[in-house]
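I have placed the structure first, in the form of structure tokens, so that the comments after it can refer back to it.
The values are calculated or read from the model by the stated rules, or taken from the named source; none is laboratory data. Small disclaimer: the values here were computed from a predicted structure and weren't measured. So basically every Cβ, Gly included, is an ideal-geometry build from the backbone, and we count neighbours across all protein chains shown.
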Amino acid sequence: MLRDAMLVAGKDLRVEARTRVGLGQVAPFAVLVLVLFGFALDPDRGILEAATPGLFWITVLFASVLGVQRAYAVESGAGVRDALRLTSLSPGGMFLGKALALAVQLLAVELVLGVGVIVLYGADPAGWILLVGTALPATAGIAAAGSLSGVLAVGLRVRETLLPLLLLPVLAPVLLAATRAFEAALDGSPADGWPWAGLLALFAVVYVGCGIGLYGTVLEES
Amino acid sequence: MSTWAWVITGWIITVVVVVAYVGLVLQRGRSLSRQVPPEEQRWM
Amino acid sequence: MSIGNGQSAGTPLATQDTRSVTGHPTTGSPATRVLGIIVLLCLPLVLWLSFVATPPDAVQGESVRLLYVHVPSVTVAYVACFVTFVASIMWLWKRSEWWDLVGSSAAEIGSVFTALTLVSGMIWGQITWGTAWEWDPRLTSTLFLFLLLVGYQALRAASPDRSSRSRRSAVIGLLLVPNILIVNRSVQWWRSLHQDATLFRTDLDFRIEGLMLFTWMFTTAVGMVLLVWLLFHRFRVGWLANRVEERQLSEAVAARRAEATP
């Protein structure tokens, strides 16, 4: 299963490396959202500083919706799904591969956003251990829930509008937990943040488990 | 609004929505029943 | 054409013995009629208990009367969602049309009652807390449950055929319970960091006993009978819709065949 996962992840990342949709479009979009938040919330009044963790993760959530759509748009060509089904890859492995490739791309977006937040919003990344310790499980959870929701919307005519409706209610606790953990890290009180990172890890485990178990069900439809 | 007005509003909204939903389900059942031969309606 | 004629010729004969009660083909049966009559007979009693027989609460005042409709809504909503969850698991195991229809019927009923729960809960909050919305874990997780149920139905409506419909909705149905648990836990954790969280708890956990407790239990019981009645009818509506879909499909296939062979 892990070998299949690496195969699928490698394929998705190679597609990304050649087309550069993630780096060329999703990451700039995320930075654009940050700048727009700066316009909406006047940086001189301290609102922006207080809201930085939340804005960061909202932007990641929006970027993840685009990332999921892109990850499945790649496979929407005629016959690609049948071809994938005919390969002897295990469905769980395919899910893991999809999620892994998505997680790698999201981490890249988060890195760009992190630099953006430091430069544009003046955030101080002193508690970076907690920041990384939050971002990793949060990204794993977003990628897992995203890949599962993505496959549910695959092939439907309304997939672009349906995906956020399915994905965002599921990701709401991730936003809540990751924002609280980032707040703790930026406030310099990392002890308050680690329980939230734990919750994020639990979320990631639950959705990776659901994805591995359920991916095949959706995939095998005729 | 007074407490009583809120309480009555809450009750009316609930009753109206439930009655409307019940009516909708029954209406859908009726119009679909006409399109399906009775031998397939096993609850009859 | 011939199928349509055959049906219209056969229907009146069959209706005479079984459908004479209502005169129209319906999704009703003797069992559901009994349930429906129970609900209708209990309704005046519910109103009498809620508005006349019970006294205003010592702490809550008259607003306690809203809880006699709020609590049954909550119970029906959550039981319906749990039915969807169980039916989704059973569908993934058995892959039968029956479980698919049970799950989707309960999800639709659940979304109606979650919406009612939210509305009556917000009105109750307006009276008790002075604001319609507080970031209370129960209220917030019910909102997310409602949103996910809306997504469930949007997914079903968007799916082109029965196979993909039941597969995809079973996955969402399975996610209902883990999602509600995680949202509830995280909001509870988040709000407990603020001091005012205790204030809500004292308001929600007031004591209730005697006739008020009986009213509460009685209205909830009537709500459960209504849920069962609705489940029967909604299940049959879904079952009929599937039959109609099959007929339309086979008619379309027959029409194509007729075109192909002149």
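For first residues located in region C:102-121 and more than 11 Å from chain B (Cβ to nearest Cβ), partners that are surrounded by 23 or more Cβ atoms within 10 Å (Cβ to Cβ) and not in a helix (DSSP H, G or I) and lie 6+ apart or on another chain with Cβ distances below 6 Å do not occur.
Taking first residues from region A:122-148 that are in contact (Cβ under 8 Å) with a residue 60 or more places away in the chain and part of a helix (DSSP H, G or I) and partners that are among the polar types (S, T, N, Q) and surrounded by 24 or more Cβ atoms within 10 Å (Cβ to Cβ), the Cβ contacts under 7 Å between residues at least 6 apart in sequence or on separate chains come to A:Ile142/A:Ser64; A:Gly146/A:Ser64. The residues on offer are B:Ala5, B:Ala20, and the sole one that is more than 7 Å from chain C (Cβ to nearest Cβ) and within 13 Å of the chain's Cα centre (by Cα) is B:Ala20.
With respect to A:Ala184, determine if the residue is over 18 Å from the mean Cα position of the chain (by Cα) and over 24 Å from C:Trp93 (Cα atoms). The answer is yes for A:Ala184.
Please find, within region C:32-56, the residue that is modelled with the lowest pLDDT out of those that are touching a Phe, Trp or Tyr at 6+ places or on another chain (Cβ under 7 Å) and over 14 Å from C:Phe218 (Cα atoms). The qualifying residue modelled with the lowest pLDDT is C:Thr32. Among the residues of region A:43-51, is there at least one that is closer than 21 Å to A:Ala27 by Cα, modelled with pLDDT under 95, among the basic types (Lys, Arg) and outside any loop (DSSP other than H, G, I, E, B)? Within region A:43-51, not a single residue is closer than 21 Å to A:Ala27 by Cα, modelled with pLDDT under 95, among the basic types (Lys, Arg) and outside any loop (DSSP other than H, G, I, E, B). Total residues in region A:207-216 satisfying the condition of being without any contact (Cβ under 8 Å) to a residue 60 or more places away in the chain and either over 23 Å from A:Leu167 (Cβ atoms) or crowded, with 18+ Cβ neighbours inside 10 Å (or both): the figure is 0. Kindly evaluate C:Val119 against the criterion of being under 19 Å from C:Leu226 (Cβ atoms) and either touching a strand residue (DSSP E or B) at 6+ places or on another chain (Cβ under 7 Å) or surrounded by fewer than 20 Cβ atoms within 10 Å (Cβ to Cβ) (or both). When the stated conditions are applied, C:Val119 passes them. Taking (1) at the interface with chain C (Cβ under 7 Å from one of its Cβ atoms); (2) more than 18 Å from C:Ala106 (Cα to Cα); (3) surrounded by 17 or more Cβ atoms within 10 Å (Cβ to Cβ) in turn, B:Gln41 satisfies each apart from (1).
Can you go through A:Leu61, A:Leu100, A:Leu84 and tell me which one is surrounded by fewer than 18 Cβ atoms within 10 Å (Cβ to Cβ) and assigned to a helix (DSSP H, G or I)? Just one listed residue meets the conditions, A:Leu84. Yes or no: A:Glu75 out of contact with any Pro (no Cβ under 8 Å at 6 or more places or on another chain) and outside any helix (DSSP H, G or I)? So A:Glu75 fits the description; yes. Summed over region C:159-175, the residues that are at pLDDT below 90 and more than 9 Å from chain A (Cβ to nearest Cβ) give a count of 1.
When A:Val60, A:Val74, A:Val68 are screened for being within 24 Å of A:Ser147 (Cβ to Cβ), modelled with pLDDT under 90 and of a type outside the set (S, T, N, Q), only A:Val74 passes.
If you check A:Gly155, A:Gly122, which single one turns out to be surrounded by fewer than 20 Cβ atoms within 10 Å (Cβ to Cβ), modelled with pLDDT under 90 and either farther than 26 Å from A:Asp42 by Cα or facing chain C (nearest Cβ under 9 Å) (or both)? Of A:Gly155, A:Gly122, the one residue that is surrounded by fewer than 20 Cβ atoms within 10 Å (Cβ to Cβ), modelled with pLDDT under 90 and either farther than 26 Å from A:Asp42 by Cα or facing chain C (nearest Cβ under 9 Å) (or both) is A:Gly155. Scanning chain B for residues that are assigned to a helix (DSSP H, G or I), small (Gly, Ala, Ser) and more than 13 Å from C:Ala241 (Cα to Cα) returns B:Ala5, B:Gly10, B:Ala20, B:Gly23. Would it be correct to say that A:Leu111 is in a helix (DSSP H, G or I), out of contact with any strand residue (DSSP E or B) (no Cβ under 6 Å at 6 or more places or on another chain) and crowded, with 23+ Cβ neighbours inside 10 Å? No: the conditions fail for A:Leu111.
Could you tell me whether C:Phe82 is aromatic (Phe, Trp, Tyr) and within 13 Å of another protein chain (Cβ to nearest Cβ)? Criteria not met by C:Phe82.
The requirement of being out of contact with any helix residue (DSSP H, G or I) (no Cβ under 8 Å at 6 or more places or on another chain) and at pLDDT 90 or above is fulfilled nowhere in region C:121-130; no residue meets it.
Pairing residues of region C:208-219 that are within 14 Å of C:Val46 (Cβ to Cβ) with residues that are among the polar types (S, T, N, Q), at Cβ distances under 9 Å and at least 6 apart in sequence or on separate chains, gives C:Leu211/C:Thr54; C:Met212/C:Thr54; C:Phe214/C:Thr54; C:Thr215/C:Ser50; C:Thr215/C:Thr54; C:Thr219/C:Ser50. Close Cβ contacts (under 6 Å, 6 or more residues apart or on different chains) running from residues in region C:141-158 that are facing chain A (nearest Cβ under 10 Å) to residues that are not in a helix (DSSP H, G or I) comprise C:Ala158/A:Leu156; C:Ala158/A:Val158.
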